[in-house]
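In what follows, a structure is listed as structure tokens, so that the remarks can point back to it.
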Amino acid sequence: MSTVVLPGSFDPFTLGHLDLTRRAAALGHQVIIAVSHNPSKQGMLDLPARTGAIEETLQRHDLAGAVTVRTLPRGLLVDFCREVGAGAVVRGLRSQLDLAYEEPMARMNSHLAGIDTLFLLTDAAFSHISSSLVREVHALGGDVSDMLPSASLEALRAAAAVS
Ligand code: PNS
């Protein structure tokens, strides 16, 4: 079994992320979800809330055996991959826009450390769902309950209750 890293900010972890995780695990990989600090984005959930929601989601979907959650240390993703013994990164592609964003990073990770990126096409049912749009819709009062696993929804409600 090979170990792969599924990195991201996951703010919040969506049904698209869950589908990607499930499919990577179904291919026989041990999946490490690496949650980044993500200082560059306008965030909604803090790091403990994001990692907690993902761990809870894995439990609820019977994925906790094949998938673990780690905080991505500040620094290079490839260094983290080497630290955990992962030979590849997994990322989802919703569109050609995603490919344009992903391609330079994948090539750089390959250049730096020979770490390949495995791309899985996002299921069409989720191809319009991004964490940033979910945050925007939620912040403006829209219903995001059918775009998120229940644990992510609970985390958003908990964050709204304290802010
Ligand atoms: O969910 P995101 O924000 O699209 O995830 C981006 C992420 C975490 C995959 C990317 O920012 C990343 O790889 N960060 C680690 C820092 C690094 O290694 N940078 C150089 C890679 S080319």
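Segment 90-163 to segment 37-83: how many Å between their Cα centroids? Value for the Cα centre distance between the two parts: 13 Å.
Compared with the dominant Cα axis of the chain, that is its longest principal axis, helix 47-60 is turned about 90°. Here each label is just a point 7 Å from Cα along the line to Cβ, and for THR3 and ARG60 those points are 2.8 nm apart. Summed over the residues of segment 3-162 and divided among them, the accessible surface reaches 51 Å² per residue at a probe radius of 1.4 Å.
For segment 113-163, carbon and sulfur atoms together expose 58% of the accessible surface, with a 1.4 angstrom probe and every protein chain in place. Against the longest alpha carbon principal axis of the chain, how many degrees, from 0 to 90 and to the nearest 10, is the axis of helix 150-162 turned? Computed tilt is about 60 degrees. Using the Cβ of ARG157 as centre and a radius below 14 Å, the other residues enclosed give a net charge of -2, where K and R count +1 and D and E count -1.
Taking Cα atoms only, the orientation of helix 96-113 departs from the longest principal axis of the chain by about 40 degrees. One-quarter of the Cα convex hull surface for segment 50-158, in nm²? In nm², the orientation-averaged hull projection of segment 50-158 is 8.1. Under a no-solvent Debye model with one identical scatterer per Cα of segment 74-132, what's log10 I(q)/I(0) at q = 0.12, 0.14 Å⁻¹? These q points yield log10 I(q)/I(0) values of -0.33, -0.44.
The values are calculated or read from the model by the stated rules, or taken from the named source; none is laboratory data. Computed from a predicted model, the values in this text were never measured in an experiment. Note that we place each Cβ from the backbone using ideal geometry, even for glycine, and neighbour counts take in every protein chain shown. These area figures cover heavy atoms from the full protein model, side chains too; ligands, DNA and RNA do not enter into them. Shrake-Rupley method; radii C 1.70, N 1.55, O 1.52, S 1.80 Å.
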